[in-house]
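Engineer: Input: one structure, supplied below.
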Amino acid sequence: MLSEHCPEHFELARKNTPLQKMPRLSRELGVEIFFKRDDLTGSELSGNKIRKLEFLLADARAKGADTVITCGGAQSNHCRATAIAAVRCSMQATVLLRTEDPAQPPATTGNILLDKLVGAEIVWITPQEYQDIDRIFQRESDRLAGSGRIPCIIPEGGSNHIGCWGYITALREIREDLSREGITDPAGTTVLSATGSGGTTAGLVLGTKLLDLDVDVAGVNVCDDADYFKNKVSAICRDFSRSYGRDIPVCRDEIRIIDGYVGRGYARSRPEELRAIQALARLEGVILDPVYTGKAFYGLQCELKKDRNRFGTRIVFIHTGGIFGLFPCAAQFEELF
Ligand SMILES: Cc1ncc(COP(=O)(O)O)c(C=O)c1O
């Protein structure tokens, strides 16, 4: 069913990414833990977003677009990946980046530096405007169309029924990875990742259905709350069913969101989160980011410390990337050293 329906897509990401055993971490937390290294999908294109963009950019191209417009936080990994992938597909990118005061945008570092390097057009917008993002998308789309371009809107995080194909196909990859590890029956496995706009979680949930794979999917939300993401992931799954003419029922209650780890808020770190990143770096030589994977990992660790049977007997933590978000936090890390 998967190959039958899988839409046309570009090959932009370096796949298959490794599934790595985490022996010291597994010993420490008392559960078998693997990391799916989606931070290695590329260097400048690293992370989970490029898997979605393979499908989203192919869709934009099929619609005749020459420009993609998308949005995110100032240090958005998704916008950076879109900006770079657009160049690779001979398209242009306009990125709508959220900042408190557009007249005084943040420093050119991390993802912003990369956005500028590849020539993306940056439009700074306020948090208030961001709340009305559909209107701003339309405004920018009209402006670009008025100057002769053919724009196509890609939603926040690339999270819609098209982008989620990236993680439907990633789950198939994980099934193959586990099989190579000698695990032919993955029942009892929890596949866990950070949830920021819901597309990765939606893709994984849909993947379990399309592949008939008996694994548990969980997302640790890094913003908003469980209710918000249960609604958002259900909506993406519903759109998916409608768009591909299949009835793939996903009930809201089977969407597992581990809430309680947003901490100080989106892209704001607590010292304990940064300490968890530091501890993992020293234990396994794996580097997480502060905005997504660091919070998700901190959540996983806290939950397992409370109850080591909280998840399955085996955990596949998807390292979804985000490395460039680390560098703007150097001063905060410095306090730990
Ligand atoms: C590094 C990283 N990890 C995880 C996520 C969350 O994925 P999603 O937006 O599909 O929920 C994002 C983006 O939001 C991200 O940039």
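No value in this document is a laboratory result; all are computed from the given coordinates. Every value quoted in this text rests on a predicted model; they were computed, and no experiment measured them. Quick reminder, even Gly has a Cβ in these numbers, built from the backbone with ideal geometry, and neighbours come from all protein chains shown.
Engineer: Testing the spin-label approximation: label points 7 Å from Cα along Cα→Cβ at Glu28 and His5. State their distance in nm.
Structural biologist: 4.0 nm
Engineer: Mind listing the phi-derived Karplus ³J(HN,Hα) values for segment 195-201, rounded to whole Hz, using 6.51, -1.76 and 1.60 with θ = phi - 60°, and x for any glycine or proline?
Structural biologist: So the Karplus estimates, Gly and Pro as x, are 10, x, 9, x, x, 5, 4 Hz.
Engineer: Oh, and also: Based on other C-beta atoms within 10 Å, arrange Ser43, Ser26 from fewest to most.
Structural biologist: Ser43, Ser26
Engineer: Distance cut-off 23 Å, Cα to Cα: go down the list Lys21/Lys209; Lys15/Lys52; Lys63/Lys116; Lys232/Lys295; Lys36/Lys295 and report the pairs above it.
Structural biologist: Beyond 23 Å between Cα atoms: Lys21/Lys209; Lys63/Lys116.
Engineer: Now for a separate question. Could you give the length gained on full extension between Ile133 and Ala145, defined as 0.36 nm per residue of separation minus the Cα-Cα distance, in nm?
Structural biologist: 2.5 nm
Engineer: What ranking do Thr109, Thr99, Thr184, Thr17 get, fewest neighbouring Cβ atoms within 10 angstrom at the top?
Structural biologist: Thr184, Thr109, Thr99, Thr17
Engineer: So for Tyr244, Tyr298, Tyr261, Tyr167, fewest C-beta neighbours within 10 Å to most, what's the order?
Structural biologist: Tyr244, Tyr261, Tyr298, Tyr167
Engineer: When the Karplus curve 6.51 cos²θ - 1.76 cosθ + 1.60 is applied with θ = phi - 60°, which whole-Hz ³J(HN,Hα) does each residue of segment 136-145 get, with x for Gly and Pro?
Structural biologist: 5, 4, 5, 4, 5, 5, 5, 4, 5, 4
Engineer: Can you give the Rg and Dmax of the chain based on its C-alpha atoms, in angstrom?
Structural biologist: Just the Cα atoms of the chain yield Rg and Dmax of 19.1, 59 Å.
Engineer: Right, here's the next one. Please work out the FRET efficiency for the pair Ile183 and Tyr266, using the Cβ-Cβ distance as r and a Förster radius of 41 Å; give the result to the nearest 0.05.
Structural biologist: Computed FRET efficiency for Ile183 and Tyr266: 0.70.
Engineer: With a Förster radius of 35 Å, plug the Cβ-Cβ distance of Ala330 and Asp212 into 1/(1 + (r/R0)^6) and report the FRET value to the nearest 0.05.
Structural biologist: That gives a FRET efficiency of 0.15.
Engineer: Using 0.36 nm per residue, how much length does the chain from Ala107 to Leu283 gain when fully extended, once their Cα-Cα distance is taken away?
Structural biologist: 60.1 nm
Engineer: Hey, another quick one. Between Val191 and residues 5 or more places away or on another chain, which pairs have amide H atoms under 5 Å apart, with H built 1.01 Å from N, and which residues are they?
Structural biologist: Asp216, Val217, Ala218, Val316
Engineer: List, in order, the whole-Hz ³J(HN,Hα) value for each residue of segment 274-279 obtained from phi through the Karplus relation with A = 6.51, B = -1.76, C = 1.60 and θ = phi - 60°; use x for Gly and Pro.
Structural biologist: 5, 5, 5, 5, 5, 4
Engineer: Using a 7 Å offset from the Cα along the Cα-to-Cβ direction at both Lys15 and Asp307, what is the distance between the two label points in nm, to one decimal?
Structural biologist: 3.4 nm
Engineer: Please report the antiparallel percentage of DSSP beta bridges with both residues in the chain, rounded to the nearest 5. Walk me through the numbers on the way to the answer.
Structural biologist: Values: 3 of 37 bridges.
So the antiparallel bridges amount to about 10 percent of the total.
Engineer: Using helices alone, what [θ] at 222 nm do you get for the chain, with -39,500 (n - 2.57) per DSSP H run of 4 or more residues, divided over all residues and rounded to the nearest 500?
Structural biologist: Computed ellipticity for the chain at 222 nm equals -13000 deg cm²/dmol.
Engineer: In addition: Pull up all non-local amide H partners of Ile125: gap of 5 or more, or a different chain, and H-to-H distance under 5 Å with H placed in the peptide plane.
Structural biologist: Amide H neighbours of Ile125, under 5 Å, 5+ apart: Leu97, Arg98, Thr99.
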